[in-house]
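Here it is, the structure in full.
The values are calculated or read from the model by the stated rules, or taken from the named source; none is laboratory data. Nothing here was measured: the structure is a model prediction, and the numbers come from that model. Note: ideal-geometry Cβ built from the backbone for every residue, glycine included; neighbour counts use all protein chains shown. The protein model used for the area step is the full one, side chains on, heavy atoms only, and it has no ligands, DNA or RNA in it. Shrake-Rupley method; radii C 1.70, N 1.55, O 1.52, S 1.80 Å.
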Amino acid sequence: MNELSLLWSSLVDWLAHGLLDASWWHIVAFTLVTTHITIASVTIFLHRSQAHRALDLHPIPSHFFRFWLWLTTGMVTKEWVAIHRKHHAKCETPEDPHSPQTRGIKTVLLQGAELYRAEAKVQETLTKYGHQTPDDWLERHVYSRYTWQGVGLLLILDLLLFGAIGATVWAVQMLWIPITAAGIINGLGHWWGYRNFEAPDASTNISPWGILIGGEELHNNHHTYPTSAKLSVKPFEFDIGWGYIRALEMLGLAKVRKTPPKLALGPIKPVADGKTLEAIIANRYEVMARYGAELKRAVAAEIDRLKAQGAENSARWKELRLAKRWLHRDDDKIPPVVKPQIDEAVRSSPSLAKLVAMREELRALWTRRNVSAEQLVADLQAWCRKAESSGIKALQEFSLKLRAATPA
């Protein structure tokens, strides 16, 4: 009887404290560290290395990330990569596996994991988009074959270490990726936030500080430059995943293949040439972002002029306020409900109308098909002459910047 009581007491003590007898803050710290490693594994290995080939990983970190993801998520590399590549290929269309633009924000936020599992069963997706992913003995006989055993092993470890509260730790670990990646990034990252670039989809940057989700918060930057290993592009943005990649690179455990292009400006050329065109096309998103900033400044100047006239409550004032918020965006990204007011603001201002029209002419340099390089250079030269003779200071200065563009 005494032995049974002792055994029961030991069991109760283990359930209460686990093998570590850890304090509550130790348990919280363990949970945060392990979930952050999981996020790092997803963004560095699955996303940047496997899906987009933005960097090459040494076998040591590569195998560690694979093991860790098997242990903490049960995700199969080929499935994740294929679904993500399809998301980029079919972005914001009905074929996109998880776009809030077509499926609704509520569906993606609350059922993101279910959308992932459903797409993972589509063999056509895996065949078409899952190429060049790990196919060694471990992948075939362990990670892909026994997907739930890894997370089951993690549950046992959590219970052994922390006792009954280990089940809660495990639950948080299991929910971390479905909430942050499947829900927040796939949902909010295409629905709410700020945009540095007019990428052809609805991607947004959720936060300029990419820490909690490993840098994936900078989703608009990623969709603009999907093959870049670095997701931050502005001085105020921070990508912690890039910090880890640089650390791995310094240790000889990673090799970065590509980072975001940056528009380089040299001496102003008398006439734009082929190299100028090359630089502009290679950095077209940054060029258009700078042009958008000029548009915002032009609208702000119009608002200041009206303010000086005491017309702050006029209809034109309200139209210009809307134009300042939306006119720098591409036309198809402006909400239909405010489009008439913005169009009226443009019609009422010859300088704004000229800026908007010449933006579309500039965009034609890289959207026109079946046009020779020589013709495009001639078109660029004509655009610069037109801008510099327009009498609009913003256009004149922008043309000079374009003539200074040089390949990096």
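What are the residue pairs meeting all of these: first residue in segment 321-348, first residue under 16 Å from Glu360 (Cα atoms) and touching a residue at least 40 places away in the same chain (Cβ under 8 Å), second residue in a helix (DSSP H, G or I) and of a type in the set (A, V, I, L, M, F, W, C), Cβ atoms under 9 Å, and 6 or more apart or on different chains?
Asp330/Met288; Lys333/Trp326
So, one more: Could you look through segment 361-405, keep only residues that are touching a Gly at 6+ places or on another chain (Cβ under 8 Å) and over 29 Å from Ala300 (Cα atoms), and pick out the one that is most open to solvent (accessible area, probe 1.4 Å)?
Ala373
This table checks each residue for (1) surrounded by fewer than 19 Cβ atoms within 10 Å (Cβ to Cβ); (2) part of a helix (DSSP H, G or I); (3) touching a residue at least 60 places away in the same chain (Cβ under 8 Å).
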site	(1), (2), (3)
Ile39	no, yes, yes
Arg53	yes, no, yes
Arg66	no, yes, yes
Trp70	no, yes, yes
Arg85	no, yes, no
His88	yes, yes, yes
His98	no, no, yes
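Just one of Glu216, Glu249 is of a type in the set (Asp, Glu) and in a loop (DSSP other than H, G, I, E, B); which is it? It would help to see each step written out before you state the result.
Working: Glu249 fails: in a loop (DSSP other than H, G, I, E, B).
It is Glu216.
For the subset of segment 287-304 comprising residues that are farther than 16 Å from Met358 by Cβ and of a type in the set (D, E, K, R), which member is surrounded by the fewest Cβ atoms within 10 Å (Cβ to Cβ)?
The residue in question is Asp304.
Which condition from (1) part of a helix (DSSP H, G or I); (2) of a type outside the set (A, V, I, L, M, F, W, C); (3) touching a strand residue (DSSP E or B) at 6+ places or on another chain (Cβ under 7 Å); (4) open to solvent by 80 Å² or more (accessible area, probe 1.4 Å) is the one that Lys255 breaks?
In the conditions (1) part of a helix (DSSP H, G or I); (2) of a type outside the set (A, V, I, L, M, F, W, C); (3) touching a strand residue (DSSP E or B) at 6+ places or on another chain (Cβ under 7 Å); (4) open to solvent by 80 Å² or more (accessible area, probe 1.4 Å), Lys255 misses (1) alone.
Filter segment 334-360 for residues that are open to solvent by 20 Å² or more (accessible area, probe 1.4 Å) and among the hydroxyl-bearing types (Ser, Thr, Tyr); which is modelled with the highest pLDDT?
Ranking the candidates gives Ser351 first.
Specify the residue that is nearest to Val81 (Cα to Cα); the eligible residues are those in segment 130-175 that are open to solvent by less than 30 Å² (accessible area, probe 1.4 Å) and among the hydroxyl-bearing types (Ser, Thr, Tyr).
Once the filter is applied, the top-ranked residue is Thr133.
A further question on this structure: Quick one: count up the residues across segment 258-286 that are open to solvent by less than 30 Å² (accessible area, probe 1.4 Å) and of a type in the set (Ser, Thr, Tyr).
1
Right, something else. Quick check: anything in segment 107-114 at pLDDT 95 or above and open to solvent by 10 Å² or more (accessible area, probe 1.4 Å)?
No, there is no match, as no residue in segment 107-114 is at pLDDT 95 or above and open to solvent by 10 Å² or more (accessible area, probe 1.4 Å).
Considering segment 72-83 alone, what residues qualify as being part of a helix (DSSP H, G or I) and either over 20 Å from Thr35 (Cβ atoms) or over 20 Å from the mean Cα position of the chain (by Cα) (or both)?
Restricting attention to segment 72-83, the residues satisfying the condition of being part of a helix (DSSP H, G or I) are 72, 77-83.
Of everything in segment 72-83, those that are part of a helix (DSSP H, G or I) and either over 20 Å from Thr35 (Cβ atoms) or over 20 Å from the mean Cα position of the chain (by Cα) (or both) turn out to be Thr72, Lys78, Glu79, Val81, Ala82, Ile83.
Please give the number of the condition Ala279 fails out of (1) in contact with a Ser or Thr (Cβ under 8 Å, 6 or more places away or on another chain); (2) modelled with pLDDT under 95.
(2)
In segment 120-137, is there at least one residue being closer than 18 Å to Pro178 by Cα, over 17 Å from the mean Cα position of the chain (by Cα), assigned to a helix (DSSP H, G or I) and of a type outside the set (Lys, Arg)? Write out each step before concluding.
Step one: filter segment 120-137 for residues closer than 18 Å to Pro178 by Cα, giving 120-121.
Retained after the next criterion (residues that are over 17 Å from the mean Cα position of the chain (by Cα)): 120-121.
So of that shortlist, the ones also assigned to a helix (DSSP H, G or I) come out as 120.
Keeping just the survivors that are of a type outside the set (Lys, Arg) gives 120.
Yes - at least one qualifying residue is present in segment 120-137.
In segment 308-328, how many are at pLDDT 90 or above and out of contact with any Ser or Thr (no Cβ under 9 Å at 6 or more places or on another chain)?
Residues that pass the stated criteria total 7.
Ok, one more. Need pairs with beta-carbon distance below 9 Å; first residue under 18 Å from Leu175 (Cβ atoms) and within segment 151-163, second of a type in the set (Gly, Ala, Ser) and exposed (fewer than 14 other Cβ atoms within 10 Å of the Cβ); sequence gap 6+ or separate chains.
Leu155/Ala167; Asp158/Ala167; Leu159/Ala167
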